[in-house]
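S.K.: Structure provided below as C-alpha cells; questions to follow.
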C-alpha cells in the first residue's frame, strides 16, 4: 500500500471519524491539517481529478463564507477551485488519498473503499 494522506480538520466529527477508521486498520496516515497548510490550486485541481468530482462537490456551499464571497453552485470550475485555494475553510472534509485513489469521506466509512 502506498502512503495514506488525509486532509483533516480536527474540529470536524466526520473528519475525526475518518481518521479513526484509518488508524483502526493499523495505518498511520500523513495528516494534513488543511486549514493550517492549505492546498495549492494545483493540488486542489489534482484532488478533484483523482476524486472524479466537480469542484462544487468538494465544497461546503452552506458555509457562510461561500455566500459572502458571492459564489454559486453554477460558477465555473476555475472560480470554485481558486476560492478553495484562497479560503480552505470552503473545502469539504475529510478528503483521503491512498493507492492512487481518493475519496471524500462523507460518510467517514467511505475511506474503507480505498484502503
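S.K.: Quick one: which residue in 55, 47, 82 is buried (at least 20 other Cβ atoms within 10 Å of the Cβ) and touching a residue at least 40 places away in the same chain (Cβ under 8 Å)?
M.R.: Step by step, each of 55, 47, 82 is checked, and only 47 is buried (at least 20 other Cβ atoms within 10 Å of the Cβ) and touching a residue at least 40 places away in the same chain (Cβ under 8 Å).
S.K.: Still on this model: Which members of region 25-55 meet the condition of being farther than 13 Å from residue 82 by Cα and either modelled with pLDDT under 95 or assigned to a loop (DSSP other than H, G, I, E, B) (or both)?
M.R.: Within region 25-55, 25, 26, 27, 28, 29, 34, 35, 36, 37, 52, 53, 54 meet the criteria.
S.K.: On the given criteria, is residue 11 in a loop (DSSP other than H, G, I, E, B) and in contact (Cβ under 8 Å) with a residue 60 or more places away in the chain? Spell out the reasoning first.
M.R.: Working: in a loop (DSSP other than H, G, I, E, B): yes; in contact (Cβ under 8 Å) with a residue 60 or more places away in the chain: no.
No.
S.K.: Related question: Looking only at region 63-79, which residues are free of Cβ contacts under 8 Å to residues at least 24 places away in the same chain and either touching a helix residue (DSSP H, G or I) at 6+ places or on another chain (Cβ under 7 Å) or farther than 27 Å from residue 101 by Cβ (or both)? Talk me through it step by step, then tell me what you get.
M.R.: Start the filter on region 63-79 by keeping residues that are free of Cβ contacts under 8 Å to residues at least 24 places away in the same chain, which leaves 64, 67-76, 78-79.
64, 67, 68, 69, 70, 71, 72, 73, 74, listed by residue number.
S.K.: How many of the residues in region 76-113 are outside any helix (DSSP H, G or I) and under 13 Å from residue 4 (Cβ atoms)?
M.R.: Our first condition is that a residue be outside any helix (DSSP H, G or I); within region 76-113, this holds for 76, 87, 91-107.
With the extra rule that they be under 13 Å from residue 4 (Cβ atoms), the set shrinks to 94-103, 105.
The qualifying residues number 11.
S.K.: Within region 85-101, restricting attention to residues that are at pLDDT 95 or above and out of contact with any strand residue (DSSP E or B) (no Cβ under 8 Å at 6 or more places or on another chain), which residue is surrounded by the fewest Cβ atoms within 10 Å (Cβ to Cβ)?
M.R.: Filtering first and then ranking leaves 86.
The values are calculated or read from the model by the stated rules, or taken from the named source; none is laboratory data. Given the structure is predicted, the values throughout are model-derived calculations rather than measurements. Neighbour counts are summed over all protein chains in view; Cβ atoms, including those assigned to glycine, are modelled from backbone coordinates with ideal geometry.
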